[in-house]
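To start, the structure under review is shown below, and the notes come after it.
The values are calculated or read from the model by the stated rules, or taken from the named source; none is laboratory data. For clarity, every value in this text was computed on a predicted model and none was experimentally measured. Cβ placement follows ideal geometry from the backbone for every residue including glycine, while neighbour counts extend to all protein chains displayed. Just so you know, the surface numbers come from the protein's heavy atoms only, side chains and all, with ligands and any DNA or RNA stripped out. Shrake-Rupley method; radii C 1.70, N 1.55, O 1.52, S 1.80 Å.
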Amino acid sequence: MEVTMTVPMDEEILKSIAKQVVNYLPEQPASEPEWMKLEPARQFLFCNKSPDWIRLYIFDRYPETTMNKTNPDGFVVNPRGGRGKTTQINVPLAKKWLATHRSKIDWNERL
């Protein structure tokens, strides 16, 4: 036999309960942008390597990273930048690619 009970609550009681429960909820991660310029992305994704290092050892060495009409799965647009063209990084795609290729990259390689 199942018994159902109803407890009347006013708005003040509900607010009090909400304040107590909120401490037990997991924190929401800060939202990250979908696209970043190379400068902030190098700190966030590329172990703070210089832009030249990233271009040489990641973008040039792994051409599949470049996003274009024939390769929509790449994560970088305008990898060489220049003449008013900004290098843009798709953060979710870059994180996914880096997670699978991180061990292949020699992060101690010098310019």
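Which of (1) surrounded by 10 or more Cβ atoms within 10 Å (Cβ to Cβ); (2) at positive phi is the odd one out, the single condition LEU56 does not satisfy?
(2)
Where the second residue is part of a loop (DSSP other than H, G, I, E, B) and the first is free of Cβ contacts under 8 Å to residues at least 24 places away in the same chain and lies in the range 36-61, which pairs have Cβ atoms under 8 Å and are six or more apart or on separate chains?
Short answer, once both residue conditions are applied: ARG42/ASN48; ARG42/LYS49; ARG42/SER50; ILE54/PHE46; PHE59/PRO79; PHE59/ARG80; ASP60/PRO79.
In the range 19-38, what residues are at pLDDT below 85, in a helix (DSSP H, G or I) and open to solvent by less than 100 Å² (accessible area, probe 1.4 Å)?
Scanning the range 19-38 gives VAL21, VAL22.
With the checklist (1) open to solvent by less than 100 Å² (accessible area, probe 1.4 Å); (2) of a type in the set (S, T, N, Q); (3) part of a helix (DSSP H, G or I) in hand, flag the one item GLN43 doesn't pass.
(1)
In the range 89-111, what count of residues is obtained for those that are assigned to a helix (DSSP H, G or I), surrounded by 10 or more Cβ atoms within 10 Å (Cβ to Cβ) and not aliphatic (A, V, I, L, M)?
The qualifying residues number 6.
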